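Chemist: A single structure is presented below for examination.
The values are calculated or read from the model by the stated rules, or taken from the named source; none is laboratory data. A quick note: this is a predicted structure, and the numbers were derived from the prediction, not measured. Virtual Cβ from ideal backbone geometry, glycine too; neighbours counted across all protein chains shown. The protein model used for the area step is the full one, side chains on, heavy atoms only, and it has no ligands, DNA or RNA in it. Shrake-Rupley method; radii C 1.70, N 1.55, O 1.52, S 1.80 Å.
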Amino acid sequence: DRNRCQCNAGCMAHGNCCYDHSWICANAYTHAEVEPVIKVPELEEEPPDLTVYKAPEFSDDGCAVVVQDYAVDMEAEGSTFFDNFVFVEVDDVHGAHQFTNESVAKREGVISTRDDSAQLQFGGLRAPSYGGEAWKRYAVNLHTKKAWNPSAGFLVVMSYSQLPYGCGLWPSFWMMNSDKIWPGGGELDILEFANMEANKVTFHLGERCNLDAAKAAQCAPMQAQVNAANSAECETNYFVNKFGCMPKQRQPNGQWFAKNPGIIAAEWTSKSITIFHIPKEEVPEDIEADKPRPTSWKKWVVAYLPLSSSCNSKIGPQELVINMQLCGDWAGGTFGKGQCANSVPSQYRHGCVTGLSQPSDCCTKYVTSPAQDQMLKSQVWDIDYVKVYTSQGAKGRYSGTYKRGGVPLKE
């Protein structure tokens with residue numbers, strides 16, 4: 001049943017391809033490149049935002065900004081949660097997951113809603129679609145239909161009761177600009193951890209941009225790691241060992257976040273980025289009342305990134321991303337190390353290779369083994385809501401990903 005799609009290029013011209021054509025068949029063609037049918041939404045043109053936004057004032061200790069006019073601009077929750085997102089099917093991290101569209105995600109049990117919350121999880125297996133490809137597991141890569149301007153200031157709040165972690169897993173909650181080739185308009189990693197490694201809050205940009213190193217050290221959160229910042233240089237180019245700026249911060253791993261459900265929040269203004277984790281039993285009244293005051297959340301700071309003024313003009317509107325990944329560039333590359341070295345059966349650590357997803361990759365063999373079905377399907381991201389609050393009357397605008405029908409920009 002999984003391979004019932006007929007790989008006939010004619011269906012692309014006539015618009016009658018079966019639902020699984022884009023991933024079962026597209027790679028089977030060797031004589032021509034076949035692109036999946038993309039549904040680009042018909043959207044009214046938005047006028048340019050010419051507003052000159054004011055920079056916020058610093059708090060008395062200089063380690064926070066004072067914003068008092070946050071108002072809800074997006075609220076994703078319950079049965080309509082997924083209406084706020086585009087399902088992106090492209091995989092840029094060479095993983096053992098098969099990103100899929102909304103209808104297939106529902107069919108495969110990868111997404112669901114119940115009890116006023118939304119659930120994301122890993123699904124069943126998809127057979128190889130061409131010679132030399134590995135088996136894959138169904139998963140989703142969600143991008144918001146809107147993007148928000150950091151110059152105006154905005155606050156993202158995710159309330160969760162459960163999230164996935166473990167060997168071979170690479171879940172993430174982050175932001176990106178999709179109007180430029182990555183990392184041209186910026187990327188902020190809020191929650192991102194692979195295997196049993198620590199979370200790494202990092203900012204990436206395609207041009208020169210630095211953190212204020214002195215302020216980053218002065219305002220480092222309580223219980224931050226002893227080591228100084230990994231780098232104050234945010235410009236990112238992996239080919240010359242520029243990995244973005246990662247200030248001194250608290251670095252729990254995925255297991256800790258799973259055992260301490262509550263709020264993950266990110267405040268982004270023209271002066272700084274601040275990441276928070278608030279345990280469920282400590283969520284303050286200002287959040288419950290939709291009148292957030294992040295200035296009062298100091299004890300819950302995870303990371304603080306004071307941006308130099310030269311950064312702002314280079315950063316584009318940011319869309320939110322939530323994805324469920326397996327293996328690939330990071331999780332595959334470090335699979336079987338650290339805490340996973342002793343918890344993964346030996347047949348997935350010896351006699352195989354480590355790296356990108358392929359039939360002989362250790363991580364891929366592990367997560368696509370039927371023996372891991374129960375474990376992987378129990379790793380659920382259960383989200384109560386995701387809200388975006390904006391300042392100065394600003395509103396989110398259509399994200400580049402949404403305007404292109406879920407297609408990422410390519411060079």
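Chemist: Separation between the A71 and E133 pseudo-spin-labels, each 7 Å from Cα along Cα→Cβ, expressed in nm?
Modeler: Output for this residue pair reads 4.8 nm.
Chemist: Separate question: Among the lysines, which fall within straight-line cross-link reach of K377, defined as a Cα-Cα distance under 28 Å, with same-chain neighbours fewer than 8 residues apart omitted?
Modeler: Cα-Cα hits under 28 Å: K106, K136, K145, K200, K259, K280, K337, K365, K387.
Chemist: Could you tell me which residue out of L211, P150, Y160 lies farthest along the dipole of the stretch 117-229 toward its positive end? Charges go on the beta carbon: Lys and Arg +1, Asp and Glu -1, centred on the Cα centre.
Modeler: Y160
Chemist: Here's another thing I want to ask about it. Let me have the relative contact order for the stretch 57-182, percent, based on Cα pairs under 8 Å that are six or more residues apart. It would help to have the intermediate numbers written out before the result.
Modeler: Details: 140 pairs, mean separation 27.1, N = 126.
Worked out over the stretch 57-182, it gives 22 percent.
Chemist: Given Cβ point charges of +1 (Lys, Arg) and -1 (Asp, Glu) and nothing else, what value in debye, to the nearest 20, does the dipole of the chain about its Cα centre take? Mind showing how you got there, number by number?
Modeler: Working: 37 positive and 48 negative charges, 195 e Å.
Here the size comes out at about 940 debye.
Chemist: Report D for the stretch 295-337 in µm² per second (integer): Stokes-Einstein, Kirkwood Rh on Cα pairs, 4 °C, 1.567 mPa s.
Modeler: Details: Rh = 14.8 Å.
D, rounded to a whole number, is 87 µm²/s.
Chemist: Dividing the alpha-carbon Rg of the stretch 272-411 by 2.2 N^0.38 Å yields what?
Modeler: Working: Rg = 20.7 Å, N = 140, 2.2 N^0.38 = 14.4 Å.
With N residues counted in the stretch 272-411, Rg over 2.2 N^0.38 Å equals 1.44.
Chemist: Could you work out what % of the accessible surface of the chain is carbon and sulfur, using a 1.4 angstrom probe and leaving DNA, RNA and ligands out of the count?
Modeler: 49 percent
Chemist: Another one. Determine the dipole magnitude for the stretch 266-370: charges of +1 sit on the beta-carbon of Lys and Arg, -1 on that of Asp and Glu, nothing else is charged, the reference point is the Cα centre, and the result goes in debye to the nearest 20.
Modeler: Values: 10 positive and 10 negative charges, 83 e Å.
For this selection, approximately 400 debye.
Chemist: How are the C-alpha pair distances of the stretch 218-350 spread across 10 Å bins, as whole percents from the shortest bin up?
Modeler: 9, 30, 37, 19, 5, 0
Chemist: Here's something else I'd like to know. What ranking of E411, E207, E281 comes out by heavy-atom accessible area, probe 1.4 Å, highest first?
Modeler: On the way: E411 195, E207 80, E281 150 Å².
Largest to smallest exposure gives the sequence E411, E281, E207.
Chemist: How would H350, H143 rank on accessible area, largest to smallest, probe 1.4 Å? Let's see the in-between values first.
Modeler: Values: H350 115, H143 10 Å².
Largest to smallest exposure gives the sequence H350, H143.
Chemist: What are the equivalent ellipsoid semi-axes of the stretch 316-361, built from the alpha-carbon gyration tensor (square roots of five times its eigenvalues), in whole angstrom, biggest first? Could you put the intermediate results ahead of the total?
Modeler: Values: eigenvalues 151, 32, 13 Å².
Its equivalent ellipsoid spans semi-axes of 27, 13, 8 Å.
Chemist: Note down the relative contact order for the chain as a percent, whole number, built from C-alpha pairs under 8 angstrom at least six residues apart.
Modeler: Values: 995 pairs, mean separation 107.9, N = 411.
Relative contact order here is 26 percent.
Chemist: Any idea what diffusion coefficient the chain gets from Stokes-Einstein, in µm²/s, Kirkwood Rh on alpha carbon pairs, 4 °C, 1.567 mPa s? Spell out each step's value before the answer.
Modeler: Working: Rh = 22.1 Å.
The Stokes-Einstein estimate is 59 µm²/s.
Chemist: Can I ask one more? When N is the residue count of the stretch 125-277, what does its C-alpha Rg come to as a fraction of 2.2 N^0.38 Å?
Modeler: Details: Rg = 16.9 Å, N = 153, 2.2 N^0.38 = 14.9 Å.
Here the Cα radius of gyration is 1.14 times the empirical estimate.
Chemist: Something else: Quick one: which of 240-247, 321-328 comes out on top by average Cβ neighbours within 10 Å, and what's the full order, highest first? Write down the numbers at each step before the final one.
Modeler: Numbers: 240-247: 17.9, 321-328: 26.4.
Going from most to least packed, we get 321-328, 240-247.
Chemist: May I pose another question? Take the alpha carbon gyration tensor of the stretch 173-227, find the square roots of its eigenvalues, order them as a ≥ b ≥ c, and report rounded if a/c is under 1.5; if not, report prolate when a/b exceeds b/c, else oblate. Don't skip to the end; give the middle numbers.
Modeler: Working: a/c = 2.89, a/b = 1.31, b/c = 2.22.
In terms of gyration-tensor shape, oblate.
Chemist: Obtain the radius of gyration and the Kirkwood radius of the stretch 154-195 from its C-alpha atoms and give Rg over Rh.
Modeler: Numbers: Rg = 12.8 Å, Rh = 12.2 Å.
In the stretch 154-195, Rg relative to Rh is 1.05.
Chemist: For W256, what accessible area in Å² do you get when you roll a 1.4 Å probe over the heavy atoms of the protein chains, rounding to the nearest 10?
Modeler: 90 Å²
Chemist: Helix-only mean residue ellipticity at 222 nm, the chain, DSSP H runs n ≥ 4 weighted -39,500 (n - 2.57), per residue, nearest 500. What is it? Write down the numbers at each step before the final one.
Modeler: Numbers: 11 runs with 54 residues, N = 411.
Dividing the helical sum by the residues of the chain leaves -2500 deg cm²/dmol.
Chemist: How big is the equivalent ellipsoid of the stretch 73-200 along its three axes, where each semi-axis is √(5λ) from the Cα gyration tensor, reported in whole Å from largest to smallest? Display every interim value, and only then the final one.
Modeler: On the way: eigenvalues 122, 74, 50 Å².
After diagonalising the Cα gyration tensor, the semi-axes are 25, 19, 16 Å.
Chemist: Also: Rounded to two decimals, what is Rg over Rh for the stretch 118-183 when you use alpha-carbon atoms and the Kirkwood radius?
Modeler: Working: Rg = 16.4 Å, Rh = 15.7 Å.
Rg divided by Rh gives 1.05.
Chemist: Using Cα pairs under 8 angstrom and six or more residues apart, how large is the relative contact order of the stretch 263-377, in percent?
Modeler: Worked out over the stretch 263-377, it gives 17 percent.
Chemist: Classify the stretch 60-148: rounded, prolate or oblate, from the alpha-carbon gyration tensor (a ≥ b ≥ c, eigenvalue square roots; a/c under 1.5 rounded; otherwise prolate if a/b is larger than b/c)? Mind dumping the intermediate values first?
Modeler: Details: a/c = 3.06, a/b = 1.89, b/c = 1.63.
It comes out prolate by the Cα gyration axes.
Chemist: Tell me the accessible surface of S399 in square angstrom (1.4 angstrom probe, heavy atoms of protein chains only), to the nearest ten.
Modeler: Here the residue's solvent-accessible area equals roughly 0 Å².
Chemist: Separate question: To one decimal place, what orientation-averaged projected area in nm² is obtained for the convex hull of the Cα set of the stretch 286-362?
Modeler: Working: hull surface 39.0 nm².
Approximately 9.8 nm², given one-decimal rounding.
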